[in-house]
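What follows is a short report on a single structure.
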Amino acid sequence: MEELIRIDRLTKVYERGEVLAVNDISFTVKRGEFLVLIGLSGSGKSTLLRCINRLIEPTAGQIVFDGIDVTKASARQLRQLRRRMAMIFQQFNLVKRSSVLTNVLSGRLGYVNPGASAIHKFPKEDLESAFANLERVGIPEQAYKRADELSGGQQQRVGIARALMQRPDLLMADEPVSALDPATAHSVMQYLEQMNQEDGVTVIASLHFLSLARRYGTRILALKDGEIVFEGLPAEIDAAKFKEIYGEEAEEVEVR
Amino acid sequence: MKRPKKSKSASHSPWVRLAALRPRFSAFMLDWASWGFIAYGVMYLLNKYWYIRHVNFYGRLTLPGWGWPVVIIATFELALLSHAFSQSIGLSLFGLRLFGPEYAPVPFRRRLARFVALHVGLVLQPLALFGDRPLGSLVHDSDKTGRMLLVAKVKDDLPAEKPRKWYTTYRGLFLAGLLALTFWLGWKITTINLQMLVERIGKSGHIWKDLFTPRFTYLTEPVIPGRTFSLVHYMLETIFMAFFATVTGAIVAFPLSFLGARNIMGFNAFGWLIYSVMRTLFNALRSIESILMAVLFAVWVGFGNPFAGALALFLHTIAALAKLYSEQVEAVDPGPLEAIATTGARRWQVVAYGVIPQIIPSYLAFTLYRWDINIRMATIIALVGGGGIGTLLFYFKNEVGRLDDAWNQVGAVVVAIVVVVWALDYISARVREKIG
């Protein structure tokens, strides 16, 4: 398979040099993969994901997305790159006081005529695809509600619909199900799986639970203190590997 | 010997008088600087001590953020105190007295030393006190990056820092002492005299009586036909003056508020520059009370013209609202902004879709609140010719002695003001409740 992202010696040191969040990481992601990042809180998963679309500026290293160096991209190039890299978040990051429809439509902001977007005017086909995507994630009837009136699971589905609006090549999911109950978590993960398998979107998801990672991931990357401690297939993680990643006292919890 | 020439030749020119103040001013600054050096030395040693003892455990190198302001205030107060006792402690300490005994002129050598100490001190102090990284790090802590990384690595395994009661820490005791000192100084400076308050209670007795028996003679009748208006007319003038100032001020403040918000302007040098300029502008404009601005506008557009008051309130409203607004912008949830930026949106689109929906309710609340303030301000802005109900208030107050019922008329105006302010306060509070 063709490679979509190559990350080369990526390092992120937080301001004042006090925290080394990502330490000299290199790996590649192939097109169509479902890569799962695992690791404890603070192991650098979120920072790594945010470096890829430069929500966080990397300190050193190189990120190549589909042959384009993200780290050297100009503001304009970066916007064009970001259109192809959608992201969903642990806290959903919807604009709470805006309607669900506006939240979903904001996924098109990188594409539409900026002048028209200033008066909240979107092309007809964008409106249609917004409803289609809401239909796809199973909440078409919620379109005109305010985003904060929805339950957590529904909000995350709005987040997925917003990501779908971008028609991305890559979907980054930053602990997408950590704030959800196990049943909802699975339904959200299944939407990601569907995007991955049906639309051919490459997915990088960070997850807390190893059981979820095993169930959905085609490949697993484990981080600890900003460094890669494991890279391989889900089945390769045994008890010893688990202890290495999560520490000696950790017990594996199953999410069904 | 004689006093120096400057203070002897008491001219009327303000510049000459200002020049005469210069030695005293420089003495004070030198005193402050000297205390600053002492304080800085102490802080430097404390830092060193802290570094040696604690850095390996808590990763703390220098004073916390509030430390330096405290040092500045403390040294200022020490300088003030030593001046209050006519004892320039800082000067004697450095052997830099301004005059010899009996105002004998100081030898050149000493004057040179004084000059150098003052000027070097004035440059060094802000550097040492305000110069956070990278300038400041040259002055105090030396080790910033290398070792800190190691510290951060093992930070998680460290024993928890046990919190202590404030009165068991030097910092707490120091702050408490500083507070007491400030209060005592304030008491002395404002010449608070409770005895006088009790002794002279009878002086204002009849005024109270008259004020509480208001006479509404001119409720709808003009006071001087052809030249002035009625109470109701002036009241409407006041309300609309405040209304105009609030609405136009809010409209101007809205776009400005984004320029004064850190998270919108970004963290590069250019953004920082605009942010600082805007914030400085807001603060400068805000610190000039609208009544002072009205002095200017009353001359400009005509004394007693409500337009003058409206302009003054308008300007002040811009500054005040822009500051409040931009603080709201800074307090928005950054998550949605992150999400919208991820879609490839331009920065202003992130503002339009991510920031504005979040801030609208608090903007409305602040605008209403500002209207309250403007109404209250508009009632007295006539003091300097800004128009509105205050025109009547000060007219009748000046007629005391010529008019028998002047205080009763003042009472009527006061009652009108109280009723209107209270009513609008109530309405805006209710509306704000609805929004929130």
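The values are calculated or read from the model by the stated rules, or taken from the named source; none is laboratory data. Treat the numbers as computed from the prediction; the structure is a model and nothing was measured. All Cβ positions, even for glycine, are placed from backbone atoms using ideal geometry, and neighbour counts span all protein chains on display.
In segment B:268-300, what residues are outside any helix (DSSP H, G or I) and of a type outside the set (D, E, K, R)?
Within segment B:268-300, B:N268, B:I288 qualify.
Quick one: in segment A:145-162, of everything that is among the basic types (K, R) and within 12 Å of chain B (Cβ to nearest Cβ), which residue is nearest to B:E338 (Cα to Cα)?
Applying the filter and picking the extreme gives A:R162.
Output the residues belonging to segment B:315-346 that are under 27 Å from A:G159 (Cβ atoms) and more than 7 Å from chain A (Cβ to nearest Cβ).
Listed by number, the residues that qualify are B:Q328, B:V329, B:E330, B:A331, B:V332, B:D333, B:P334, B:L337.
Say whether the condition of being over 28 Å from the mean Cα position of the chain (by Cα), surrounded by 17 or more Cβ atoms within 10 Å (Cβ to Cβ) and over 20 Å from A:I119 (Cα atoms) is met by at least one residue in segment B:341-363.
Within segment B:341-363 (the criterion being over 28 Å from the mean Cα position of the chain (by Cα), surrounded by 17 or more Cβ atoms within 10 Å (Cβ to Cβ) and over 20 Å from A:I119 (Cα atoms)), the answer is yes, since at least one residue qualifies.
Is it true that some residue in segment B:237-260 is modelled with pLDDT under 85 and surrounded by 17 or more Cβ atoms within 10 Å (Cβ to Cβ)?
no
Could you check segment B:374-410 and list, in sequence order, the residues that are among the basic types (K, R) and either part of a loop (DSSP other than H, G, I, E, B) or without any contact (Cβ under 8 Å) to a residue 40 or more places away in the chain (or both)?
B:K397, B:R402
Filtering segment A:11-65 down to residues that are under 17 Å from A:M172 (Cβ atoms) and touching an Asp or Glu at 6+ places or on another chain (Cβ under 6 Å), which residue is nearest to the other protein chains (Cβ to nearest Cβ)?
Out of the qualifying residues, it is A:L55.
From A:L221, A:L212, which residue is modelled with pLDDT of 90 or more and either crowded, with 16+ Cβ neighbours inside 10 Å or out of contact with any Leu (no Cβ under 9 Å at 6 or more places or on another chain) (or both)?
Answer to the check: A:L221.
Out of (1) among the β-branched types (V, I, T); (2) surrounded by 24 or more Cβ atoms within 10 Å (Cβ to Cβ); (3) outside any helix (DSSP H, G or I), the odd one out for B:V332 is which?
Failed condition: (2).
Return yes when A:R162 is in contact (Cβ under 8 Å) with a residue 12 or more places away in the chain, of a type in the set (D, E, K, R) and crowded, with 22+ Cβ neighbours inside 10 Å and no when it is not.
Yes: the conditions hold for A:R162.
What helices (runs of 4 or more DSSP H), lying completely within segment A:157-256, carry at least 3 residues that are among the charged types (D, E, K, R)?
Counting at least 3 such residues, we get A:239-246.
Kindly state which strands (runs of 3 or more DSSP E) lie completely within segment A:18-121 and contain at least 2 residues that are out of contact with any Gly (no Cβ under 9 Å at 6 or more places or on another chain), surrounded by fewer than 21 Cβ atoms within 10 Å (Cβ to Cβ) and among the charged types (D, E, K, R).
none
Quick one: which residue in B:Q349, B:Q358 is over 17 Å from A:R108 (Cβ atoms), facing chain A (nearest Cβ under 7 Å) and in a helix (DSSP H, G or I)?
B:Q358
B:E289: away from chain A (no Cβ under 14 Å) and modelled with pLDDT under 90, yes or no?
When the stated conditions are applied, B:E289 passes them.
When only residues in segment A:93-144 that are basic (K, R) and away from every other protein chain (no Cβ under 14 Å) count, which is farthest from B:P336 (Cα to Cα)?
Filtering segment A:93-144 for residues that are basic (K, R) and away from every other protein chain (no Cβ under 14 Å), the one farthest from B:P336 (Cα to Cα) comes out as A:K124.
Applying the selection to segment B:220-236, what residues are without any contact (Cβ under 8 Å) to a residue 40 or more places away in the chain and surrounded by 19 or more Cβ atoms within 10 Å (Cβ to Cβ)?
B:F229, the sole residue that qualifies.
Filter segment A:66-84 for residues that are among the polar types (S, T, N, Q) and out of contact with any strand residue (DSSP E or B) (no Cβ under 8 Å at 6 or more places or on another chain); which is nearest to the other protein chains (Cβ to nearest Cβ)?
A:Q80
For B:L311, only one of the following conditions fails: (1) assigned to a helix (DSSP H, G or I); (2) within 14 Å of another protein chain (Cβ to nearest Cβ); (3) crowded, with 24+ Cβ neighbours inside 10 Å. What is its number?
(2)
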